[in-house]
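J.: Have a look at this one.
The values are calculated or read from the model by the stated rules, or taken from the named source; none is laboratory data. Because the structure is a prediction, the values reported are computed rather than measured. Cβ coordinates were reconstructed from backbone atoms using ideal geometry, including for glycine residues, and neighbour counts include every protein chain displayed. Surface areas here come from the heavy atoms of the whole protein model, side chains and all, with no ligands, DNA or RNA. Shrake-Rupley method; radii C 1.70, N 1.55, O 1.52, S 1.80 Å.
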Amino acid sequence: MQNPRVLNALHLRPTDRTPVWFMRQAGRSLPEYRKVRERHSLLEICRIPEVCAEVTLQPVRRLGVDAAILFADIMLPLIALGLDLDIVEGVGPVVARPVREANDVRALRPLEPEDVQFVADDIHATLETLAGAVPLIGFSGAPFTLASYLVEGKPSRDFLMTKRLMYARPDIWEELMSHLGRIVAAYLRAQAEAGVQALQIFDSWVGALSLDDYLRYVQPYTRMLFDGIADLAVPVIHFGTGTSSLLEAMRDVGGDGIGIDWRIPLEVAWQRIGRDRAIQGNLDPLVLLGPWEVVERESRAILDRAGGRPGHIFNVGHGIHPQTDPDQLQRLVELVHGYEPVKGA
Ligand code: CP3
């Protein structure tokens, strides 16, 4: 591995520069991605290994980030299981028949490695193209975030259907969540076996829950998932948004690194999580729509808060917005790589 900064940070080893990559770095903010999308749908890209490798590498080439994240989507393993599910542009995942009853859950079958052989093929092609330049991060949605799409049938603001099922039918909820825990573990295992060097678990929407509800309705299944991959040799990043009240509970479940959003100052989160874990974050991605001076001010504030301690991976607090100017991203990578912490600060 020519550039092991992200992996070193996840192991709390010192790095010559603060590592940086961006969630959703491969995607609509890049003109070269939009060009590929003129010819292929998102799901087609995921089924053609050479195209998937190309799209995964685009941000590495253009921006100089310290990691590649496999081009895929959190809904991919569920699509691979035969669920009638589409990713609609400008909307997000849409499920034809939402999961609401016991029979809907029982219709979901376990994930076999053959189901996601195409993802393994994508990983092989991407690793070959990367040629060890930077690590390749694989990922999956966490059980709660996947369940929220399955139950709502589409992106949601308040997770009404999800919470109703959770509170009213804990028996169905438990079956759904443990099933998803096993599916996600199998999916992450397949990616690790195909050669990704790190994994990220996106529990993007878990911040919609109170701490008590997280502990009761989510933690046992996310724990199942972490237990299911405990033997894998790759480091894991555990990410969510709006998780200020959940940080310790998420840490207790697992993750070599914890991904946070911008709603909490980085050093406050790190203190609470504990210095024995790496931390990833936490620029508000919409700051990147502002002028460079603001991007610089906000990014320096984050770097100062991390204080140059080993274990900080600079990232946005949630995915890059499609309207982001790639030049801002490139400049930001240069800023992070050029940053020198003030000694004794
Ligand atoms: O660069 C990368 O980060 C890798 C690719 C990636 C995609 N989706 C491709 C994609 C990753 C890591 C994801 C994860 C994902 N997908 C999450 C977790 C991260 C997060 O944002 O919280 C979630 C919740 C999804 C579900 C999803 N897929 C949404 C909400 C959307 C946006 C819909 C829209 O059009 O606004 C998608 C579509 C999607 N996934 C796009 C990309 C590049 C954009 C649409 C396109 O190119 O057609």
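J.: Could you check how many residues of the stretch 19-38 are more than 7 Å from the ligand (Cβ to nearest atom) and assigned to a loop (DSSP other than H, G, I, E, B)?
T.: Residues meeting the conditions: 5.
J.: Return the pairs, sorted by first residue and then second, in which the second residue is open to solvent by 10 Å² or more (accessible area, probe 1.4 Å) and away from the ligand (no atom under 12 Å from the Cβ), the first residue lies in the stretch 307-335 and is in contact (Cβ under 8 Å) with a residue 60 or more places away in the chain and at positive phi, the beta carbons are less than 7 Å apart, and the residues are 6+ apart or on different chains.
T.: Close Cβ pairs satisfying both conditions: GLY308/PRO341; GLY311/LEU12.
J.: I'm checking my understanding of the structure. Among residues of the stretch 197-218 that are assigned to a loop (DSSP other than H, G, I, E, B) and within 19 Å of GLY319 (Cβ to Cβ), which one is least open to solvent (accessible area, probe 1.4 Å)?
T.: Within the stretch 197-218, the match that is least open to solvent (accessible area, probe 1.4 Å) is SER204.
J.: What are the pairs, 6+ residues apart or on separate chains, where a residue within the stretch 48-62 that is away from the ligand (no atom under 11 Å from the Cβ) has its Cβ under 6 Å from a residue that is of a type in the set (D, E, K, R) and assigned to a helix (DSSP H, G or I)?
T.: Close Cβ pairs (under 6 Å, with a partner that is of a type in the set (D, E, K, R) and assigned to a helix (DSSP H, G or I)) amount to PRO49/ASP121; PRO49/ASP122.
J.: When you scan the stretch 308-327, how many residues do you find that are in a helix (DSSP H, G or I) and crowded, with 18+ Cβ neighbours inside 10 Å?
T.: Of the residues in that region, 1 qualify.
J.: Next up: Of the residues in the stretch 78-98, how many are buried (at least 18 other Cβ atoms within 10 Å of the Cβ) and either closer than 19 Å to ARG157 by Cβ or of a type in the set (Lys, Arg) (or both)?
T.: Residues flagged as buried (at least 18 other Cβ atoms within 10 Å of the Cβ) and either closer than 19 Å to ARG157 by Cβ or of a type in the set (Lys, Arg) (or both) within the stretch 78-98 amount to 2.
J.: Has the stretch 73-87 got at least one residue that is within 25 Å of ALA186 (Cβ to Cβ), within 9 Å of the ligand (Cβ to nearest atom) and either acidic (Asp, Glu) or over 19 Å from the mean Cα position of the chain (by Cα) (or both)?
T.: yes
J.: Looking at the structure I just gave you, is LEU63 out of contact with any strand residue (DSSP E or B) (no Cβ under 6 Å at 6 or more places or on another chain) and farther than 22 Å from ASN282 by Cβ?
T.: No: the conditions fail for LEU63.
J.: Further question on the same structure: When residues of the stretch 149-201 are filtered for being in contact (Cβ under 8 Å) with a residue 60 or more places away in the chain and touching a Phe, Trp or Tyr at 6+ places or on another chain (Cβ under 6 Å), how many remain?
T.: So the answer is 2.
J.: Taking the condition within 25 Å of ALA194 (Cβ to Cβ), among the acidic types (Asp, Glu), more than 11 Å from the ligand (Cβ to nearest atom) and open to solvent by 10 Å² or more (accessible area, probe 1.4 Å), does GLU101 pass?
T.: no
J.: Considering only residues that are open to solvent by less than 20 Å² (accessible area, probe 1.4 Å), of a type outside the set (Val, Ile, Thr) and part of a loop (DSSP other than H, G, I, E, B), look in the stretch 117-175 and name the one that is nearest to the ligand (Cβ to nearest atom).
T.: ALA142
J.: Hey, another quick one. What's the number of the only condition in (1) in contact with a Leu (Cβ under 9 Å, 6 or more places away or on another chain); (2) open to solvent by 40 Å² or more (accessible area, probe 1.4 Å); (3) more than 30 Å from LEU335 (Cβ to Cβ) that ASP256 fails to meet?
T.: Going through the list (1) in contact with a Leu (Cβ under 9 Å, 6 or more places away or on another chain); (2) open to solvent by 40 Å² or more (accessible area, probe 1.4 Å); (3) more than 30 Å from LEU335 (Cβ to Cβ), ASP256 breaks only (3).
J.: Within the stretch 45-77, track down each residue that is part of a loop (DSSP other than H, G, I, E, B), open to solvent by 10 Å² or more (accessible area, probe 1.4 Å), more than 19 Å from PRO93 (Cα to Cα) and among the aliphatic types (A, V, I, L, M).
T.: ILE48
J.: Can you tell me which residues in the stretch 219-247 are free of Cβ contacts under 8 Å to residues at least 40 places away in the same chain, open to solvent by 40 Å² or more (accessible area, probe 1.4 Å) and among the aliphatic types (A, V, I, L, M)?
T.: ALA230
J.: Now, a different point. Looking at ARG300, ARG305, ARG272, ARG331, which one is under 30 Å from TYR221 (Cα atoms), open to solvent by 50 Å² or more (accessible area, probe 1.4 Å) and either in a loop (DSSP other than H, G, I, E, B) or modelled with pLDDT of 95 or more (or both)?
T.: On inspection, the qualifying residue turns out to be ARG272.
J.: Next up: If you go through the stretch 227-262, how many residues are in a helix (DSSP H, G or I) and either over 15 Å from the mean Cα position of the chain (by Cα) or charged (D, E, K, R) (or both)?
T.: So the count comes out to 8.
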